[in-house]
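Q: Let me give you the structure first, and then I'll get to my questions.
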Amino acid sequence: MSKMAIISEFWEFLKVRKKWWLAPIIIFMALLGALIVFTQGSAVAPFIYTLF
């Protein structure tokens with residue numbers, strides 16, 4: 001299953017089940033995961049870890 005299929009299936013789930021409160025949680029988790037991945041080996045990493 002491709003990534004776009006998962007996203008479109010999740011979007012359909014939100015529309016049909018009216019679970020709009022899940023969208024901000026998923027978006028925040030995705031952004032936090034991207035932040036961790038992109039700062040993993042950079043010089044910014046020590047500053048990011050002090051925030052948490």
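The values are calculated or read from the model by the stated rules, or taken from the named source; none is laboratory data. Quick caveat, the model's predicted, so the values are computed rather than measured. Surface areas here come from the heavy atoms of the whole protein model, side chains and all, with no ligands, DNA or RNA. Shrake-Rupley method; radii C 1.70, N 1.55, O 1.52, S 1.80 Å.
Q: What ranking of W21, W11 comes out by heavy-atom accessible area, probe 1.4 Å, highest first? It would help to have the intermediate numbers written out before the result.
A: Working: W21 155, W11 130 Å².
Correct descending sequence by accessible area is W21, W11.
Q: Can you tell me how much longer the chain between A30 and I6 gets when fully stretched, taken as 0.36 nm per residue apart minus their C-alpha distance, in nm with one decimal?
A: Numbers: separation 24, 0.36 × 24 = 8.64 nm, distance 1.38 nm.
The span from A30 to I6 would gain 7.3 nm if fully extended.
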